[in-house]
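Below: one structure, written as structure tokens.
The values are calculated or read from the model by the stated rules, or taken from the named source; none is laboratory data. These numbers come from a predicted model, not from an experiment. In this analysis, Cβ positions are derived from the backbone assuming ideal geometry, glycine residues included, and neighbour counts consider all displayed protein chains. Protein only, heavy atoms only, side chains kept; ligands, DNA and RNA dropped before computing areas. Shrake-Rupley method; radii C 1.70, N 1.55, O 1.52, S 1.80 Å.
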Amino acid sequence: MSTETETNTVEQYDVVVVGGGAAGLSAAVTLGRALRSVLVIDSGEPRNAPAAGVHGFLSRDGISPKELLHLGRAEALQYGADITSGIAVAARSTADPANASGLGFEVDLADGQTVKARRLLVTTGLTDILPDIDGIRERWGRDVLHCPYCHGWEVRNKAIGILGSIPMALHQALLFRQWSPNITLFLNDVVEPTEEQWEELAARSIKVVDGRVRALQVTDDALTGVVLASGTTVPVDAVVVGPRLEARSGVLESLGATTVEHPMGVGTHIEVTPPGGATSVPGVWAAGNVTDLTGQVMASAAAGVMAGAAINADLMMEETRAAVEEARQAALAR
Ligand SMILES: Cc1cc2nc3c(=O)[nH]c(=O)nc-3n(C[C@H](O)[C@H](O)[C@H](O)COP(=O)(O)OP(=O)(O)OC[C@H]3O[C@@H](n4cnc5c(N)ncnc54)[C@H](O)[C@@H]3O)c2cc1C
């Protein structure tokens with residue numbers, strides 16, 4: 001029976017999916033449709049929760065993040081998946097003699113439960129580490145933004161400030177120029193353009209403001225300005241930041257996987273082997289933002305589908321090996 005509240009309906013699942021965002025639920029649908037028993041453990045904090053709508057997801061443009069996951073859960077349940085609210089705190093590999101390949105796992109939940117699986121998929125996403133400036137956390141996902149493809153249209157032609165919290169702010173300034181002629185780059189004592197970059201900024205009519213940023217100005221529940229340490233306030237309608245992106249990798253690390261710095265220098269991630277997303281730990285896959293820091297919702301959902309298919313293929317091979325062994329033993333016994 002499919003349920004959203006209990007975990008112990010199956011003694012051992014074919015697959016436990018840790019993380020029920022776009023990646024995890026897409027994998028659960030794929031695995032459910034492949035007639036696999038699957039449990040999704042989800043702590044209910046998708047990365048885009050602060051945003052009003054999901055953009056760039058074909059046929060679902062503007063849907064609230066909560067509603068998208070509600071629909072995704074319903075689809076996964078329809079195909080027999082179990083979904084439980086909870087936090088997976090650790091997992092370990094167990095040598096299971098009933099399993100031809102010897103692979104098996106136990107996952108511990110924060111409430112003390114332990115669930116068993118033949119394979120694990122981790123889709124726990126990432127944490128955005130925001131610059132420590134007054135007002136940024138409160139406005140995050142509303143008028144403090146990071147991704148032009150998620151929010152650029154909504155702030156087109158508005159006054160957009162680019163906060164120089166990382167060197168990539170220069171790239172963000174040039175990029176957001178596509179959406180508005182009114183771009184201001186705040187150097188914030190962090191960004192130091194080269195001569196060539198000064199030329200690019202000037203050629204694109206991007207204003208540059210020197211000095212450290214102290215806070216964001218909010219008026220009537222809307223961002224209205226960037227306040228400098230000097231006391232000057234520069235009016236803006238939106239601010240773009242470059243958060244550090246850190247994989248939520250606790251469960252994977254408890255299994256022996258390690259995070260590495262992303263080649264773009266924007267944060268940490270778990271390296272996997274494409275196309276299915278196998279990690280360095282046999283029997284464990286990862287998909288979505290935990291491995292692909294720049295993946296949007298659709299890319300994360302697609303990665304979940306691919307991981308589900310890869311895990312099903314792996315189980316199929318294990319079952320085929322077991323069937324061959326059984327057939328051989330039967331032949332010997334005749
Ligand atoms: C403000 C903002 C706005 C965005 N807007 C858009 C947009 O408009 N369009 C777009 O395509 N993309 C957008 N994105 C990107 C989008 O959020 C990600 O692409 C997407 O969330 C990645 O999906 P995921 O399944 O990998 O991770 P998530 O959606 O973050 O899901 C991970 C899930 O795992 C759970 N979890 C984590 N750790 C555990 C654990 N230990 N045990 C159990 N559960 C756990 C979390 O609670 C969460 O529910 C936006 C991002 C931000 C920050």
Worksheet item: Based on what the data block shows, is VAL122 in the same structural domain as GLU253 (by TED's automatic domain parsing), under 18 Å from ASP14 (Cβ atoms) and among the β-branched types (Val, Ile, Thr)?
Response: yes
Discussion item. I need the full set of residues from the stretch 18-58 which are of a type in the set (Gly, Ala, Ser) and either in a helix (DSSP H, G or I) or without any contact (Cβ under 8 Å) to a residue 24 or more places away in the chain (or both), in order please.
Written reply: ALA22, ALA23, GLY24, SER26, ALA27, ALA28, GLY32, GLY53
Worksheet item: Tell me, which residue of the stretch 320-333 that is open to solvent by 50 Å² or more (accessible area, probe 1.4 Å) and in contact (Cβ under 8 Å) with a residue 12 or more places away in the chain is nearest to ARG36 (Cα to Cα)?
Response: ARG321
Fill in: All positions within the stretch 51-60 that are more than 9 Å from the ligand (Cβ to nearest atom) and in contact with a strand residue (DSSP E or B) (Cβ under 9 Å, 6 or more places away or on another chain)
ARG60
Item to complete: Please tell me if GLY225 is out of contact with any Leu (no Cβ under 9 Å at 6 or more places or on another chain), free of Cβ contacts under 8 Å to residues at least 24 places away in the same chain and more than 15 Å from the ligand (Cβ to nearest atom).
Response: no
Worksheet item: Among the residues of the stretch 74-89 satisfying the criterion of being open to solvent by 40 Å² or more (accessible area, probe 1.4 Å) and within 11 Å of the ligand (Cβ to nearest atom), which is farthest from GLY141 (Cα to Cα)?
Response: VAL89
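Mind checking which residues of the stretch 230-241 are within 34 Å of the chain's Cα centre (by Cα) and open to solvent by 10 Å² or more (accessible area, probe 1.4 Å)? Step through it out loud before you land on a result.
Step one: filter the stretch 230-241 for residues within 34 Å of the chain's Cα centre (by Cα), giving 234-241.
If the condition is that a residue be within 34 Å of the chain's Cα centre (by Cα) and open to solvent by 10 Å² or more (accessible area, probe 1.4 Å), then VAL234, PRO235, ASP237 are the ones that fit.
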Worksheet item: Only one of (1) touching a residue at least 40 places away in the same chain (Cβ under 8 Å); (2) within 16 Å of the ligand (Cβ to nearest atom); (3) open to solvent by 30 Å² or more (accessible area, probe 1.4 Å); (4) over 21 Å from LEU71 (Cα atoms) fails for VAL297. Which number is that?
Response: (4)
Worksheet item: Does the stretch 169-192 contain any residue that is more than 16 Å from the ligand (Cβ to nearest atom) and within 30 Å of ALA286 (Cα to Cα)?
Response: yes
Item to complete: Specify the residue that is surrounded by the most Cβ atoms within 10 Å (Cβ to Cβ); the eligible residues are those in the stretch 156-179 that are in contact with a strand residue (DSSP E or B) (Cβ under 8 Å, 6 or more places away or on another chain) and closer than 17 Å to ASP132 by Cα.
Response: ILE162
Discussion item. One residue is enough: does the stretch 44-51 have a residue meeting the conditions farther than 18 Å from THR123 by Cα and surrounded by fewer than 16 Cβ atoms within 10 Å (Cβ to Cβ)?
Written reply: yes
Worksheet entry | Selected residue [of a type in the set (A, V, I, L, M, F, W, C), touching a helix residue (DSSP H, G or I) at 6+ places or on another chain (Cβ under 6 Å) and in contact (Cβ under 8 Å) with a residue 12 or more places away in the chain] from ALA257, ALA302, ALA278, ALA287 | ALA287
Discussion item. Condition (residue is more than 11 Å from the ligand (Cβ to nearest atom), in contact (Cβ under 8 Å) with a residue 60 or more places away in the chain, over 20 Å from ASN289 (Cα atoms) and touching a strand residue (DSSP E or B) at 6+ places or on another chain (Cβ under 9 Å)) applied to the stretch 146-155: is it met by at least one residue?
Written reply: yes
